[in-house]
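Worksheet: the structure to be examined is printed underneath.
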């Protein structure tokens with residue numbers, strides 16, 4: 001077996017096939033034709049370098065595509081929420097409340113995971129473990145985004161009586177982003193194929209700039225307080241009720257505690 | 001100079017090699033060797049993966065051309081690639097000035 005055949009086999013082993021592998025082999029064949037004594041390194045090493053570099057680019061692309069798809073979800077969700085004129089009496093209040101709560105929770109998980117994926121993904125250099133963390137964060141964000149879309153579809157179907165324009169907007173807001181989320185998920189799978197397992201990525205401390213990284217837990221606590229505070233103010237302001245704000249704040253706090261306990265390790269919040 | 005010593009600067013060097021004209025992989029390595037007066041003798045197998053990544057990141061574009069009866073992949077800087085090169089050049093100059101100030 002000559003060098004190029006062995007390279008082709010090694011490329012397949014690390015997850016590079018099809019047109020990309022053919023192009024790599026053709027480029028290196030040209031290089032060897034220019035300089036028959038060239039030392040390209042062993043086929044295994046060259047294939048692993050390609051997997052490493054393409055995996056890095058693929059991870060960044062997946063994080064950006066994921067964030068873009070989630071931004072679309074957020075924009076359409078905001079449009080549906082802004083257009084809502086809530087009636088005094090709702091036909092199926094329990095279903096509306098449940099889907100509303102699910103929307104609220106999944107949208108926050110998608111937002112946090114998506115931002116974390118993008119922040120880490122945009123770093124100039126990423127170890128293999130960090131790439132896996134970015135892909136994990138993107139997967140969680142896309143999964144939560146898909147749940148948000150499905151909840152929106154159910155919400156739009158059960159919330160009555162509502163104007164037909166709002167129902168159409170809400171159903172469209174749930175359906176339109178789904179193909180984009182699917183496309184972003186396929187880019188995550190493609191990047192994951194090029195990322196070997198092993199190692200452990202540093203946590204939130206590496207997502208924060210400079211000196212803030214040393215105080216990651218304090219930053220996390222501040223963000224939690226800010227999120228709860230926002231919900232308290234928003235609840236009190238929009239519902240014009242002194243009790244509504246704090247009670248929503250408590251629900252938010254419980255949700256954040258639960259979310260951190262369940263997803264903290266997956267999202268690499270802790271070192 | 002070994003590949004290990006150049007690690008971290010390879011992206012900027014490859015972008016700089018393509019500043020004036022499109023080149024194929026072998027010519028890029030030769031251009032780096034020529035411009036550095038033979039100091040940058042890069043392990044040749046490291047440059048091609050970097051070229052593919054820089055293209056995937058949108059900093060380079062590439063196309064096939066024919067030469068001596070063979071197909072040859074030619075790389076060129078994109079607009080984003082030129083901007084990235086300018087940024088990295090500024091970073092490097094700042095860094096080199098700081099090191100020089102400490103060592104002098």
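The figures follow:
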| item | result |
| --- | --- |
| Odd one out for residue B:54 among (1) free of Cβ contacts under 8 Å to residues at least 60 places away in the same chain; (2) farther than 25 Å from residue A:48 by Cα | (2) |
| Residue that is outside any helix (DSSP H, G or I), under 15 Å from residue A:62 (Cβ atoms) and touching a helix residue (DSSP H, G or I) at 6+ places or on another chain (Cβ under 9 Å), where the choices are A:160, A:136, A:123 | A:123 |
| Of the criteria (1) buried (at least 16 other Cβ atoms within 10 Å of the Cβ); (2) within 14 Å of chain A (Cβ to nearest Cβ), which one residue B:77 fails | (2) |
| Evaluation of residue B:71 against (1) touching a helix residue (DSSP H, G or I) at 6+ places or on another chain (Cβ under 8 Å); (2) away from every other protein chain (no Cβ under 11 Å); (3) closer than 27 Å to residue A:14 by Cα (one fails), failing number | (2) |
| Single unsatisfied condition, residue B:34 versus (1) facing chain A (nearest Cβ under 9 Å); (2) surrounded by fewer than 21 Cβ atoms within 10 Å (Cβ to Cβ); (3) assigned to a helix (DSSP H, G or I) | (1) |
| Count - residues of the stretch A:192-222 that are within 18 Å of residue A:264 (Cα to Cα), loosely packed, with under 13 Cβ neighbours inside 10 Å and under 20 Å from the mean Cα position of the chain (by Cα) | 1 |
| Subset of the stretch B:22-31 that is in contact (Cβ under 8 Å) with a residue 40 or more places away in the chain and part of a helix (DSSP H, G or I) - its residue that is nearest to the other protein chains (Cβ to nearest Cβ) | B:25 |
| Failed condition for residue A:11, given (1) assigned by TED's automatic domain parsing to the domain that holds residue A:186; (2) crowded, with 21+ Cβ neighbours inside 10 Å | (1) |
| Unmet criterion (only one of (1) assigned to a strand (DSSP E or B); (2) at the interface with chain A (Cβ under 8 Å from one of its Cβ atoms)) for residue B:46 | (1) |
| Helices (runs of 4 or more DSSP H) contained in the stretch A:1-117 and holding at least 2 residues over 30 Å from residue B:66 (Cα atoms) and away from chain B (no Cβ under 12 Å) | A:43-82 |
| Flag for residue B:41 being out of contact with any strand residue (DSSP E or B) (no Cβ under 8 Å at 6 or more places or on another chain), part of a helix (DSSP H, G or I) and either within 13 Å of chain A (Cβ to nearest Cβ) or farther than 20 Å from residue A:38 by Cβ (or both) | no |
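The values are calculated or read from the model by the stated rules, or taken from the named source; none is laboratory data. Quick caveat, the model's predicted, so the values are computed rather than measured. Heads up, the Cβs are rebuilt from the backbone with ideal geometry, glycines too, and the neighbour counts pull from every protein chain shown.
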